[in-house]
Amino acid sequence: MTSTVGELGYREICSLLRSDQGLRLKTGPFGNRIRSALPQVAQAVANLYGNYPLLQKDDFIDFDVGVSRPSGLRRWWQPQVSFQLDGNAPFNPLPGDQGFPLLEWGLNWCVYGMCHQYLILHAAVLERGGRALILPAPSGSGKSTLCAALLFNGWRLLSDELALLDPVSGQCIANPRPVSLKNESITVIGELVSDIEFGSRVHETSKGTVAHFAAPKAAVDSASSPAWPAWIVLPRWQAGSALKLQPLDKARTLMHLVENAFNYDVYGAEGFELLSQVVTRSACFSFEYSDLGEAIACFSKLSHQAGDGLASSSLGWSTSG
Amino acid sequence: MGEVIHSLNDSAVFTTAAGLLIKQWPGEDTGVVFTTAERKTHLISPLAATILELSRSGNSVSGLLAQWTEPDAPTAQHAGQQVLFEDEYSSEEHSRNTLSEAVQGLIQAGLLRRLG
């Protein structure tokens, strides 16, 4: 019995993606059914989702999604691709070669738009020694580049884009998916990690040139293991900058988390309490860098220092489970 | 006005007032406040944080206000006013109300930055 997407083989992956049954796979805590007849999507799914567990027919599906060509003349003249959730198309179509990026952006939208069982931050999250490093930042700050560099240097990927905070446990929930890099970052990480395998480079997207690489197998295999928030670091890449890791007060850190939260309003006072507890237990910094090697060494050193976080029990959170 | 509760929860100071959740961490010059009515989060200015810190450290609000209003050489007339002032704010409930009002006033005066 096959247990991962990769065990299916490319032909069967294509067949399932084309069928009504769809390709059912688990990403982090979420069940997905993906359908697409597009070869570019099938190729990328085969290359980048090979390590993910398959779901059985009766398993719960959180996101029933697809990517297809819209009907009409555009199918033949300047073809486009469209994302569907539950059979509906919530976005305008994109140029025809952007099928896989659209699938990834659509799945992100599903998570931050609907999964309010978590307080969700626009942040990369990595783990080392059971402790989570949260990198909240908007696009263009160097967050994804830094995240990619760290996950090849001793850190486990929880997410390169969305931090899922469990309001019950206070932990960061893992949802590792293919990592998206843009523009110069693709070359930078390609030079840093010699054996990295990118999917197709897609040019002229709204974010520029985009390429994905697969989440490490160890991260996918450990996706059921959450991590306690321990460090919150606001990264900023600045050309030519000397490395600066400066303590940031907790009040301002909390405000940064609020600014980078997708569904803080949904939570109200509970969200305020949750973020307060997260910053209380975390060491908080601003971080400016230009050299990835220096950044990797800095975070390695940071991971060996005890955070100023507090025992989870003192915050009213359970350490079990 | 509602109740004001000061409690230490490890390193964070949690203070709640009527419609406000206020948090300040020791050694920091600012804090944060969540207004339950608006469901907004604000960064508290150093001035507001000073009021909270003084209140937390045991200085009564009435005492604080009295310090600020005390002249260098009190006149007899002012001494009488001072008594009235202290009488007016003698109860702990009044002190709590004053702090809560002060914080809300700081929000309305724009001393708290609205972000959330």
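The values are calculated or read from the model by the stated rules, or taken from the named source; none is laboratory data. What you are looking at is a predicted structure, and each value in this text was computed from that prediction instead of being measured. Quick reminder, even Gly has a Cβ in these numbers, built from the backbone with ideal geometry, and neighbours come from all protein chains shown.
When residues in segment A:271-291 are screened for being aromatic (Phe, Trp, Tyr) and within 12 Å of chain B (Cβ to nearest Cβ), 1 of them pass.
Regarding segment A:38-52, can at least one residue be identified that is touching a Pro at 6+ places or on another chain (Cβ under 7 Å) and farther than 20 Å from residue A:177 by Cα? No, there is no match, as no residue in segment A:38-52 is touching a Pro at 6+ places or on another chain (Cβ under 7 Å) and farther than 20 Å from residue A:177 by Cα.
Within the option set A:215, A:219, A:148, being of a type in the set (A, V, I, L, M, F, W, C), within 12 Å of the chain's Cα centre (by Cα) and assigned to a loop (DSSP other than H, G, I, E, B) holds for one residue only, A:215. Scanning segment A:43-96 for residues that are within 22 Å of the chain's Cα centre (by Cα), more than 19 Å from residue A:16 (Cβ to Cβ) and surrounded by fewer than 19 Cβ atoms within 10 Å (Cβ to Cβ) returns A:90, A:91.
Answer with yes or no whether residue A:181 is closer than 24 Å to residue A:96 by Cβ and buried (at least 23 other Cβ atoms within 10 Å of the Cβ).
Values: closer than 24 Å to residue A:96 by Cβ: yes; buried (at least 23 other Cβ atoms within 10 Å of the Cβ): yes.
Considered against the rule, which asks whether it is closer than 24 Å to residue A:96 by Cβ and buried (at least 23 other Cβ atoms within 10 Å of the Cβ), residue A:181 comes out as yes.
Tally the residues that are part of a loop (DSSP other than H, G, I, E, B), within 19 Å of the chain's Cα centre (by Cα) and more than 24 Å from residue A:30 (Cα to Cα), restricting the search to segment A:188-212.
The first filter runs over segment A:188-212 and keeps only residues part of a loop (DSSP other than H, G, I, E, B), leaving A:193-197, A:199-201, A:206-207.
Narrowing the set further to residues that are within 19 Å of the chain's Cα centre (by Cα) leaves A:196-197, A:199-201, A:206-207.
Those left that are additionally more than 24 Å from residue A:30 (Cα to Cα): A:196-197, A:200-201, A:206-207.
So the answer is 6.
For residue A:222, the conditions (1) more than 10 Å from chain B (Cβ to nearest Cβ); (2) surrounded by 22 or more Cβ atoms within 10 Å (Cβ to Cβ) are fulfilled apart from (2).
Count of segment B:1-40 residues, restricted to those that are within 8 Å of another protein chain (Cβ to nearest Cβ), at pLDDT 70 or above and assigned to a strand (DSSP E or B), is 6. Does segment A:190-198 contain any residue that is of a type in the set (Gly, Ala, Ser), touching a helix residue (DSSP H, G or I) at 6+ places or on another chain (Cβ under 8 Å) and not assigned by TED's automatic domain parsing to the domain that holds residue A:100? No, segment A:190-198 has no match at all. The number of residues in segment A:254-273 being aliphatic (A, V, I, L, M), surrounded by 19 or more Cβ atoms within 10 Å (Cβ to Cβ) and either outside the structural domain of residue A:162 (by TED's automatic domain parsing) or in contact (Cβ under 8 Å) with a residue 40 or more places away in the chain (or both) comes to 2.
Please verify whether residue A:185 is at pLDDT 90 or above, closer than 28 Å to residue A:173 by Cβ and not in a loop (DSSP other than H, G, I, E, B), treating the condition exactly as stated.
Numbers: at pLDDT 90 or above: yes; closer than 28 Å to residue A:173 by Cβ: yes; not in a loop (DSSP other than H, G, I, E, B): yes.
So residue A:185 passes the test.
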